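The block underneath contains the structure these notes are about, expressed in structure tokens.
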């Protein structure tokens, strides 16, 4: 199968520190730097009074308090400054007078100066990444996959992390072999590495014979096992695509997906300066529907929690965000914001087949409340509304959920993590993170039976479905669809 | 705590430069807390951003409060400033 074997040269990632964020400069240094810059402008610049107001802003106790609070909540210095600027700008929103409103620009100017200084040391650690590289790192973060040119990456080897982490998912969707939990101490930049991700093997500086044998294995091995193709065809299982962008949808459909089983909407809410309006969302969802070319699109409502800061959604810091305010819990606590998303989905549903999927459901009431909100937005709507089965609670009450839901989608990664009580990012308990563990298989079985008793379809949208062995078991358990992240795998399973 | 109400008289209102001067004045009374309140909200007068967010235009009524060791002097000087800037 694509994405398990690779040959390449080791390239070890060096960061300023290993937290994944650039440190280098402190807030105090950045404020000091900005102050001296402003003082120089006041003395030599064209408009000293403007910069003297800027200096006053720099010393503003409200700004300092807000930044300190943000830092205490876990933000990096630069994030804390940006978030503070945004929050304080909000105070000016109700001001009708243009002059005073324009003071937001002064605040932004000052804050951007600080952020620029803080970020200056950052740079892109992947700037000098060579071709055909095996990226070797203590740990990678999702943002790293944006910073590196994935076209140059043959494989990724990390000490921390797991195949179901976000980096693992991204690597898989790009067909890049990924070996987490590896012993990387013996690797030096430039070493030739043989990677067998399926068996978590990394061979450092192999002999010529070993390379030869490995190349032969690659020629044969990068194929989808016939058994996986068979079990999918024999059981009449649909092959859908997972997508986090319009581009992903286009690729999945181009490779023959029967539809999109999971369209993540978080990208609309994260890494942005402002919360998207209903109109912004509608435009994206409409584009997504159109990219599906008549095949069904399953839009998952925002799956955001305390671990992902999002503009306009203030989530207090939580000790354990995976057991906290996230998914449907957060959406229902912010009904006005949730209704913007619902209305955008309803409007997009006029352009094709759209289903709405709720993440992190644990009680029937959550589904009923969400349905009521849909009803409030459009009382004549016949939008299909389904739930993700990713908590043990949802699996245990799947018979009750089936009474109210139009479909189920099992999120195998989270379901495994929650059933096994094993953090999916923690390499030391990764042996428990097994979707074929008896407990997880039983949970899936309960869900499939409950769904079919009520005549509703049940799919799987977790990455585990890409594993031939897991896929075979899921097909035999009776799931109706597998939604997969890798377009290459979709292509193999659904030859055009 | 002592307090006084007044109406902003300056034609341009309390814009950035005089707001900055006001903050400097307030800070010259360390230990004394000065707040300014309008119908909208009440803010700390040592924060220029907070003061500007009040959008004090000509004709706006504002209440000044001072608490602390220099409260009388602070209130008197802040009042004089706001009536004359």
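Worth pointing out:
- Looking across A:376, A:366, one residue alone is assigned to a helix (DSSP H, G or I) and exposed (fewer than 15 other Cβ atoms within 10 Å of the Cβ). It is A:376.
- Condition check for residue B:58: closer than 20 Å to residue A:98 by Cα, surrounded by fewer than 18 Cβ atoms within 10 Å (Cβ to Cβ) and touching a residue at least 40 places away in the same chain (Cβ under 8 Å): yes
- Restricting the stretch B:63-72 to residues that are out of contact with any helix residue (DSSP H, G or I) (no Cβ under 7 Å at 6 or more places or on another chain) and within 29 Å of residue A:50 (Cα to Cα) leaves a set whose member that is farthest from the other protein chains (Cβ to nearest Cβ) is B:63.
- Residue that is in a strand (DSSP E or B) and either surrounded by 23 or more Cβ atoms within 10 Å (Cβ to Cβ) or in the same structural domain as residue A:333 (by TED's automatic domain parsing) (or both), where the choices are A:429, A:387: A:387
- Test set (1) surrounded by fewer than 19 Cβ atoms within 10 Å (Cβ to Cβ); (2) free of Cβ contacts under 8 Å to residues at least 12 places away in the same chain; (3) within 14 Å of another protein chain (Cβ to nearest Cβ); (4) assigned to a helix (DSSP H, G or I) - residue A:116 fails condition number: (3)
- Considering A:60, A:65, the condition of being modelled with pLDDT of 90 or more, facing another protein chain (nearest Cβ under 10 Å) and crowded, with 22+ Cβ neighbours inside 10 Å is satisfied by A:60 alone.
- Residue tally, condition within 8 Å of another protein chain (Cβ to nearest Cβ), more than 15 Å from residue A:95 (Cα to Cα) and part of a loop (DSSP other than H, G, I, E, B), over the stretch B:13-55: 2
- Entry remark, the stretch A:196-213: residues being touching a helix residue (DSSP H, G or I) at 6+ places or on another chain (Cβ under 9 Å) and over 24 Å from residue A:431 (Cβ atoms) number 1 in total.
- Residues of the stretch A:200-245 that are under 33 Å from the mean Cα position of the chain (by Cα) and assigned to a loop (DSSP other than H, G, I, E, B): A:200, A:222, A:223, A:224, A:225, A:235, A:236, A:237, A:244, A:245.
- Test set (1) at pLDDT below 95; (2) part of a helix (DSSP H, G or I) - residue A:450 fails condition number: (1)
- Unmet criterion (only one of (1) under 11 Å from the mean Cα position of the chain (by Cα); (2) at positive phi) for residue B:66: (2)
- Looking only at the stretch A:96-106, residues that are more than 19 Å from residue A:60 (Cα to Cα) and more than 9 Å from every other protein chain (Cβ to nearest Cβ) come to 1 in all.
- Yes/no for residue A:252 being crowded, with 23+ Cβ neighbours inside 10 Å and assigned to a loop (DSSP other than H, G, I, E, B): no
- No other residue among A:93, A:128, A:44 is free of Cβ contacts under 8 Å to residues at least 12 places away in the same chain and within 14 Å of chain B (Cβ to nearest Cβ) apart from A:93.
- So residue A:398, is it touching a strand residue (DSSP E or B) at 6+ places or on another chain (Cβ under 8 Å), closer than 21 Å to residue A:338 by Cα, in contact (Cβ under 8 Å) with a residue 40 or more places away in the chain and buried (at least 17 other Cβ atoms within 10 Å of the Cβ): no
- Residues of the stretch A:47-57 classified as more than 10 Å from chain B (Cβ to nearest Cβ) and modelled with pLDDT of 90 or more, total: 0
The values are calculated or read from the model by the stated rules, or taken from the named source; none is laboratory data. As the structure is a prediction and not an experimental result, all values here were calculated from the model. Don't worry about glycine lacking a Cβ; one is built from the backbone with ideal geometry, like all the others, and counts go over all protein chains shown.
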